[in-house]
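Okay, structure first, notes after.
All of the numbers you see were taken from the coordinates with simple rules; none came from a lab. Bear in mind the structure is a predicted one, so any value in this text is a computation, not a measurement. Cβ atoms come from the backbone with ideal geometry, glycine included; neighbour counts cover every protein chain shown.
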Amino acid sequence: MLIDAHCDLLYQLWRHAYDVNQSNKLQFDLTKWRNSPVRIQAFAIFVPDDVPAYKQYDVALKMVELFYEKIIVPNPDIVSIKTKKDIENIADHQRGAILTLEGCHPIGRDLNKLKQLIDYGVRIVGLTWNNNNAIADSIDHPHGKGLSSFGHEVINLLNDEQIWTDVSHLSIKGFYDVIATAHDVMASHSNAFTVCPHRRNLDDQQIAALIKRDGWIGVTFVPYFTKVNEPVEIDDVMKQIDYFLKRGAREHLGFGSDFDGILTTIQNLETVEDYVNIVEALNKRYDKSTVKQITGENFIRKFPRIKV
Ligand SMILES: [Zn+2]
């Protein structure tokens, strides 16, 4: 079962009048999804920072509405995933959709807003995007601060609610604060810094810390997080995976493509349909059980939400 932990379709649907069923402007639409091997897809609520602070939560709610009205309700073959049981119960003809939050800036300093988003089905919470917020600073700010006291309240809530804390985009200090306090840790879309030195990637110490905390890491298809120089090819994604495996991440690895969040793409990896090329490359390179782990088993095993 192939699972992808990050895409920005909801943002695109909010910003543009694209047809969710089929649009050549989208890297991920429902037709391409159905033609792809991806069985479960995470859909991020991502509110851009050009939205004034007082409007950000309304925009987040608008994206929740888009998730249900465009993706879940009209499509009986697509089910909303809220618990680990929901994943296990997916029928062969069905696909699963998980709601996630990329950056907590839309909640401001109001824990009830986060509670409400969890009630609406959000199961993975990225603490920051590239902007700093009331919870923590982002990786875009050198010497960024770690968790604030409000940030600690957020982690307590995520722990109580069995929600995954996502460290992609988070400052280094914030990362280690999360490692020390969150029950369930993941990096939804980040690659290895040693292979491609970009600040958004995980260094060896961070990879080791995630493994030690039984966390999960989604290899991402952002070309400039994958390899420094063009051209970037599927083989370069495999080199990222090779490196994570070498660091001991076999039971911790998966994918978080970032489709519809990227303007440039890796060669032969331009839309979700091209996941077929990733599966082919994986099967050529790794044994069956490793492929199974990376494509979905690791994600399912660690998916924290048990309670209904
Ligand atoms: Zn992102």
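Counting DSSP beta bridges in the chain, what percent are antiparallel, to the nearest 5?
Taking every DSSP beta bridge within the chain, about 5 percent pair in antiparallel fashion.
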Q | region 133-193, Rg to Rh (Cα coordinates; Rh as Kirkwood inverse mean 1/r) | A | 0.95
**Q.** Estimated dipole of the chain in Debye, rounded to 20 [Cβ of Lys and Arg +1, of Asp and Glu -1, Cα centre]
**A.** 640
**Q.** Gaussian network model of the chain, Cα within-10 Å springs - most flexible of Arg95, Arg123, Arg247
**A.** Arg247
Q) What is the fewest-to-most order of Thr100, Thr264, Thr220 by other Cβ atoms lying within 10 Å of their Cβ? A) Thr264, Thr100, Thr220
Q. Calculated FRET efficiency, Lys292 and Ala91, Cβ-Cβ r, R0 22 Å, to nearest 0.05?
A. 0.70
Q | Near-label residues of region 23-50 by backbone N, under 19 Å of a point 7 Å along Cα→Cβ of His16 | A | 23-34, 43-50
Q.
Please compute, for the alpha-carbon atoms of region 45-118, the extent along each of the three principal axes and give them in descending order in Å.
A. 43, 22, 15
Q: Mind sorting Val167, Val125, Val308 by how few other Cβ atoms lie within 10 Å of their own Cβ, fewest first?
A: Val308, Val125, Val167
(Q) Net charge within 11 Å of Asp258 by Cβ-Cβ distance, Lys/Arg positive one each and Asp/Glu negative one each, not counting Asp258 itself? (A) -3
Q) Okay, helix-only estimate at 222 nm for the chain: each DSSP H run of n ≥ 4 adds -39500 (n - 2.57), divide by all residues, round to 500 deg cm²/dmol; what do you get? A) -9500 deg cm²/dmol
**Q.** For the chain, built as a Gaussian network whose Cα springs stay under 10 Å, the top-fluctuating residue of Lys115, Lys173, Lys246
**A.** Lys246
Q: Would you kindly compute the Cα radius of gyration of region 2-302 and its largest Cα-Cα separation (Dmax), both in Å?
A: 17.7, 51
Q: List every residue whose amide H lies under 5 Å from the amide H of Leu99, counting only residues 5 or more places away in sequence or on a different chain, with H placed 1.01 Å from N in the peptide plane.
A: Phe43, Ile81, Arg123
Q: Would you please classify the overall shape of region 187-297 from the alpha carbon gyration tensor, given that a ≥ b ≥ c denote the square roots of the eigenvalues, rounded means a/c under 1.5, and beyond that prolate means a/b larger than b/c while oblate covers the rest?
A: oblate
Q | Footprinting exposure proxy for Met186, Met1 (fewest neighbouring C-beta atoms within 10 Å first) | A | Met1, Met186
Q | Nitroxide proxy distance, nm - points 7 Å out along Cα→Cβ at Val51 and Glu280 | A | 3.9
Q: Please label the shape of region 12-162 as rounded, prolate or oblate, based on the square roots a ≥ b ≥ c of the eigenvalues of the alpha-carbon gyration tensor (a/c under 1.5 means rounded; beyond that, a/b larger than b/c means prolate, else oblate).
A: prolate
